[in-house]
Amino acid sequence: MSTTEPVSLGMPAVPLKLAERRRSRQIQVGSVAVGGDAPVSVQSMTTTVTADIGATLQQIAELTASGCQIVRVACPSQDDADALATIARKSQIPVIADIHFQPKYVFAAIDAGCAAVRVNPGNIRQFDDKVKEIARAASAAGTPIRIGVNAGSLDRRLLEKYGKATPEALVESALWECSLFEEHGFRDIKISVKHNDPVVMVNAYRLLAQRCDYPLHLGVTEAGPAFQGTIKSAVAFGALLAEGIGDTIRVSLSAPPAEEVKVGIQILESLNLRQRRLEIVSCPSCGRAQVDVYKLADQVSAGLDGLEVPLRVAVMGCVVNGPGEAREADLGVASGNGKGQIFVKGEVIKTVPESKIVETLIEEAMKIAERMEAAGQGTDDAGGGPTVTVA
């Protein structure tokens, strides 16, 4: 190899894919395309009482700021239904009305201008008898319908047939309800078949993906508290998205909804399904570490929080892997013996005392960000961006 050949550093210009996306039909949820070749979108759901319009819009604004692309709001009462028109009109992102029990709220949501309506066939009274009317109203308004099947509210007929919420039961429920809409020429449909067990959930979506071309909304329902729910969702989504299955996702956590969005975005970035922004690559520390790795990683993360250009920060704690990791990034520090060597594009630019590492990294990261923005390399850039390594 010639010594004059350029050496590629940092993230690849074209992110690697684990698999080609399943080719689903595309629908339009407000301003967001779902399915087909559209990027996988991140959804969440408000925790407010929908009838409290101010509180609901405030939470939607917080979700929007965190990166949420589509938001779902509950509609269990007439007061909630009455609030939908104002919420749908004032929200900056598409609003999906979540309907259970009463078919009349489906019509209310369509009339209110919601971007889509989620229906749960297992617990909407007289749902099958209303499909023709719903299909006609949704078609006239251009409103997609999400058939949302949940293990906890599976149609009684299917529970009797299968004994429990098996993957086959979930899929049969979803496709049966889809067929009722198809009889009336309505195919603006998105499907979810959620289960709290990631293994059952993954098998259900795999089966569903083989049997239809509708876009699929992924979710591990009732995933649990933040830590447990994050693990379960990451495992399940990772398995399916790595196979090209999935068009939208929602991480269901017993935590503030903005946390769901952060986890969902991170999952997509980790799979190269969304351009990476700030990424911290840090070691677990060990007896070789000569700096407080945990503290250093936290301080660098906090200092670069909100940076919109793609940067990777790896926090290493010893001289074994540190220099190599730092050289492979756009910005890095190899630290030890009370000081740190600062690398930019693989070259050492300065050595600073340990007490100056964090502020120096932040200063250099801002310089890189400014250069990228001046060159038009922001979060809309399709390729990779600079990486930052702290070693």
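The values are calculated or read from the model by the stated rules, or taken from the named source; none is laboratory data. No experiment lies behind these values; they were computed from the predicted model shown. Here Cβ is always computed from backbone atoms with ideal geometry, including for glycine, and neighbour counts include all displayed protein chains. Protein only, heavy atoms only, side chains kept; ligands, DNA and RNA dropped before computing areas. Shrake-Rupley method; radii C 1.70, N 1.55, O 1.52, S 1.80 Å.
Give the dimensionless ratio obtained when the Cα radius of gyration of region 50-152 is divided by 2.2 N^0.38 Å.
Details: Rg = 13.2 Å, N = 103, 2.2 N^0.38 = 12.8 Å.
Rounded to two decimals, the normalised Rg is 1.03.
Stretch Val235-Arg211 to full length: gain in nm at 0.36 nm per residue minus the Cα-Cα span? Provide the component values of the computation, followed by the final result.
Details: separation 24, 0.36 × 24 = 8.64 nm, distance 2.31 nm.
Result for the pair: 6.3 nm of gain on full extension.
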What are the trypsin sites (Lys or Arg not before Pro) within region 90-165 that DSSP puts in a loop, where the Cβ has at most 12 other Cβ atoms within 10 Å?
Arg125, Lys164
Quick one: angle between helix 293-304 and the longest Cα principal axis of the chain, in degrees between 0 and 90, rounded to 10, please.
70 degrees
Past 22 Å, Cα to Cα: identify those pairs from Lys90/Lys190; Lys104/Lys190; Lys295/Lys356; Lys232/Lys262; Lys295/Lys339, in the order given.
Lys90/Lys190
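Just to check, using Stokes-Einstein with a Kirkwood Rh over alpha carbon pairs, what's the diffusion coefficient of region 27-77 at 37 °C and 0.692 mPa s in µm²/s?
On the way: Rh = 11.9 Å.
For the chosen part, D equals 275 µm²/s.
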Using distinct alpha-carbon pairs, which all enter the 1/r mean, Kirkwood radius of the chain in Å
22.8 Å
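Please compute the contact order of the chain in relative form: average sequence separation of alpha-carbon pairs under 8 Å and at least six residues apart, divided by the residue count, as a percent. List each step's numbers first, then the result.
Details: 853 pairs, mean separation 60.4, N = 391.
Dividing the mean separation by the residue count of the chain yields 15 percent.
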For Lys164, the lysines lying under 20 Å Cα to Cα, once residues fewer than eight places off in the same chain are dropped, come out as Lys194
Note, ³J(HN,Hα) from phi for region 145-162, Karplus 6.51, -1.76, 1.60, rounded to Hz, x at Gly and Pro
10, 9, 7, x, 9, 10, 4, x, 9, 6, 3, 4, 4, 7, 4, 5, 6, 9
On C-alpha positions alone, give me the angle between the axis of helix 127-141 and the longest principal axis of the chain, in degrees, nearest 10.
60 degrees
Calculated over region 200-312: convex hull of Cα atoms, volume per residue (Å³):
134 Å³
Which ³J(HN,Hα) values, rounded to whole Hz and listed in residue order, are derived for region 110-123 from phi using the Karplus coefficients 6.51, -1.76 and 1.60 in 6.51 cos²θ - 1.76 cosθ + 1.60 with θ = phi - 60°, glycine and proline given as x?
5, 5, 6, x, 4, 5, 6, 10, 9, 10, 10, x, x, 9
What residues qualify as long-range amide H neighbours of Lys350, i.e. H under 5 Å apart, gap of 5 or more or another chain, H built at 1.01 Å from N?
Ile342
List, in order, the whole-Hz ³J(HN,Hα) value for each residue of region 249-266 obtained from phi through the Karplus relation with A = 6.51, B = -1.76, C = 1.60 and θ = phi - 60°; use x for Gly and Pro.
9, 9, 8, 8, 10, 7, 7, x, x, 4, 5, 4, 5, 4, 5, x, 4, 5
Taking a straight Cα-to-Cα line shorter than 13 Å from Lys132, and setting aside same-chain aspartates and glutamates fewer than 8 residues away, one finds Glu177, Glu182, Glu183
Of every hundred units of 1.4 Å-probe accessible area on the chain, the number belonging to carbon and sulfur atoms, as a percent, is 50 percent
